[in-house]
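Notes to accompany the following structure.
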Amino acid sequence: MLKPKELRKVIKILSNYGIKFKYSKRGKHSGKFYKGAKSFPVKAHGKKTEILPYALKGLIKKYGLPEDVFY
């Protein structure tokens, strides 16, 4: 069972896989993870924002990451 993780920790983990994070200035989802043509929007209200398990599972599926990447 995945547990929520802080945004800054998720950014650090995904940087090892070549996935970058970029803040946007407006909108409901104020940040995106991206790699090439693929992007994944997340709510980002500061580096201590927690990314919930459903979003972590979405990142795993979208980028084909190992299942245990966030444990």
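The values are calculated or read from the model by the stated rules, or taken from the named source; none is laboratory data. Everything quoted here is computed from the prediction, not taken from an experiment. Don't worry about glycine lacking a Cβ; one is built from the backbone with ideal geometry, like all the others, and counts go over all protein chains shown.
When you check K48 against the structure, is it within 14 Å of L7 (Cβ to Cβ), without any contact (Cβ under 8 Å) to a residue 60 or more places away in the chain and touching an Asp or Glu at 6+ places or on another chain (Cβ under 6 Å), yes or no? Considered against the rule, which asks whether it is within 14 Å of L7 (Cβ to Cβ), without any contact (Cβ under 8 Å) to a residue 60 or more places away in the chain and touching an Asp or Glu at 6+ places or on another chain (Cβ under 6 Å), K48 comes out as yes.
Do the conditions hold for K3, that is, is it of a type outside the set (D, E), assigned to a strand (DSSP E or B) and over 10 Å from the mean Cα position of the chain (by Cα)? So K3 fails the test.
If you go through the range 16-29 one residue at a time, do you hit one that is farther than 16 Å from L2 by Cβ, at pLDDT 90 or above, surrounded by 16 or more Cβ atoms within 10 Å (Cβ to Cβ) and of a type in the set (A, V, I, L, M, F, W, C)? The answer is yes; a qualifying residue exists. One residue is enough: does the range 53-70 have a residue meeting the conditions of a type in the set (S, T, Y) and part of a loop (DSSP other than H, G, I, E, B)? No. Note on the range 59-71: among residues that are touching a residue at least 12 places away in the same chain (Cβ under 8 Å) and within 12 Å of L2 (Cα to Cα), the one that is surrounded by the most Cβ atoms within 10 Å (Cβ to Cβ) is F70.
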